[in-house]
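The values are calculated or read from the model by the stated rules, or taken from the named source; none is laboratory data. Note that the structure is a prediction, hence the values are computed from the model and not measured. Cβ sites come from the backbone with ideal geometry, for glycine too, and all protein chains shown count toward neighbours.
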Amino acid sequence: MLYSIKMRAENGSRHISGAERIVERHEMSQAMDALTRRGMEHPNGPAETVTVTVRPVTRPLVTIQALPVSEPRVRNLEEARQVLDAELCAMGLQSGPVLSLLYGLREPMRGAVLLDADSLRRLEPDQRRGVRATCMDYTGNSGAGKNHFKEALCLSSKVAHCPQIIGELCISDDPDYTTGYFASRDRGYVRIHHIKKCGMHLGGRIFLFRGSPESVQQCMDYLENQPVMVCME
Ligand code: PML
Ligand code: MG
């Protein structure tokens, strides 16, 4: 039997950090301990409450391969935006409004924006909550400390595997973490340095959706509930 363990740390209503694992029963107490410690020690500040939730995994676990990673040469914010712009334009999307939305996300969001790639309409039922990509883990995860890159590669691989998601953009909300990415099934994980100025709380994710109105719910269900293990080897 597998268990999904989720941690969220908060100060009142302010989200501080979140992390999760999918583990076997004998790994549970160590994973809970590591996640609790992580919630209490975060650069966003000390947490008032750390909540750890354990649930048995009831759906069959899907195992997928991590997206291939590329790392274009980027020396500053302007070049980072040019990379994002080129990726969006290559997909025939309206880059300007998508990038304005990404760089305009000032409230730290626990979830992501689910954006219709063609109409640019936001599809999240609750825009403050956003859409969560959860219920995942990756091979070789020791659970010790945060590994921005591996956790983001894990999440983006799960998200890219969703038939209705054609791309994802991400800027970290950790003030001193200035590497982000663009990811898609076709382009893999394009790691982008200098995607924001150091010290900014600005951050967030946009999932680019293309599908029928009926498939929005199916897509959100996959993102939030389908257990996925990502192979990093
Ligand atoms: C986050 O803070 O959760 C987002 C991290 C993005 C990682 C980008 C990378 O290092 O490749
Ligand atoms: Mg963060």
- Item | Tally of residues being away from ligand 1 (no atom under 16 Å from the Cβ) and not acidic (Asp, Glu) across the range 15-39 | 12
- Note on the structure: The condition of being more than 16 Å from ligand 2 (Cβ to nearest atom) and in contact with a helix residue (DSSP H, G or I) (Cβ under 7 Å, 6 or more places away or on another chain) holds, among 64, 22, only for 64
- Message: Return the residues of the range 174-188 that are among the charged types (D, E, K, R), within 6 Å of ligand 1 (Cβ to nearest atom) and modelled with pLDDT of 95 or more; say none if nothing qualifies.
- Response: none
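Across the range 25-54, which residue is farthest from residue 161 (Cα to Cα) among those that are assigned to a strand (DSSP E or B) and touching a helix residue (DSSP H, G or I) at 6+ places or on another chain (Cβ under 6 Å)? Working first, answer last.
Step one: filter the range 25-54 for residues assigned to a strand (DSSP E or B), giving 49-54.
Right, trim to touching a helix residue (DSSP H, G or I) at 6+ places or on another chain (Cβ under 6 Å) and you get 50, 52.
Details: 50: 30, 52: 27 Å.
The extreme case among them is 50.
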- Task: Provide a single number: the residues in the range 5-18 that are surrounded by 21 or more Cβ atoms within 10 Å (Cβ to Cβ) and among the small types (Gly, Ala, Ser).
- Result: 2
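Scan the strands (runs of 3 or more DSSP E) fully inside the range 157-223 and keep the ones with 2 or more residues being without any contact (Cβ under 8 Å) to a residue 60 or more places away in the chain and crowded, with 17+ Cβ neighbours inside 10 Å. Walk me through it before giving the result.
Details: elements: 165-171, 180-184, 188-192, 204-209.
Once the strands (runs of 3 or more DSSP E) in the range 157-223 are filtered for at least 2 residues that are without any contact (Cβ under 8 Å) to a residue 60 or more places away in the chain and crowded, with 17+ Cβ neighbours inside 10 Å, what remains is 165-171.
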- Qualifying position, being in contact with a helix residue (DSSP H, G or I) (Cβ under 7 Å, 6 or more places away or on another chain) and either under 19 Å from residue 17 (Cα atoms) or away from ligand 2 (no atom under 16 Å from the Cβ) (or both), among 99, 155: 99
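Out of all the residues in the range 55-77, is one or more assigned to a helix (DSSP H, G or I), modelled with pLDDT of 95 or more and within 16 Å of ligand 1 (Cβ to nearest atom)?
First pass over the range 55-77, keeping only residues assigned to a helix (DSSP H, G or I): 77.
Keeping just the survivors that are modelled with pLDDT of 95 or more gives 77.
With the extra rule that they be within 16 Å of ligand 1 (Cβ to nearest atom), the set shrinks to 77.
There is at least one residue in the range 55-77 that is assigned to a helix (DSSP H, G or I), modelled with pLDDT of 95 or more and within 16 Å of ligand 1 (Cβ to nearest atom).
Restricting attention to the range 198-224, which residues are within 16 Å of ligand 2 (Cβ to nearest atom) and closer than 22 Å to residue 128 by Cβ? Please lay out each step first, then the result.
So in the range 198-224, the residues within 16 Å of ligand 2 (Cβ to nearest atom) come out as 198-206.
Across the range 198-224, the qualifying residues are 200, 201, 202, 203, 204, 205, 206.
Yes/no per residue for (1) within 13 Å of ligand 1 (Cβ to nearest atom); (2) in contact with a His (Cβ under 7 Å, 6 or more places away or on another chain):
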{"residue": "143", "(1), (2)": "no, no"}
{"residue": "153", "(1), (2)": "yes, no"}
{"residue": "172", "(1), (2)": "yes, yes"}
{"residue": "190", "(1), (2)": "yes, no"}
{"residue": "195", "(1), (2)": "yes, no"}
{"residue": "211", "(1), (2)": "no, no"}
{"residue": "214", "(1), (2)": "no, no"}
- Query: Within the group 117, 133, 90, 80, which residue is among the hydrophobic types (A, V, I, L, M, F, W, C), within 13 Å of ligand 1 (Cβ to nearest atom) and over 19 Å from residue 224 (Cα atoms)?
  - Reply: 80
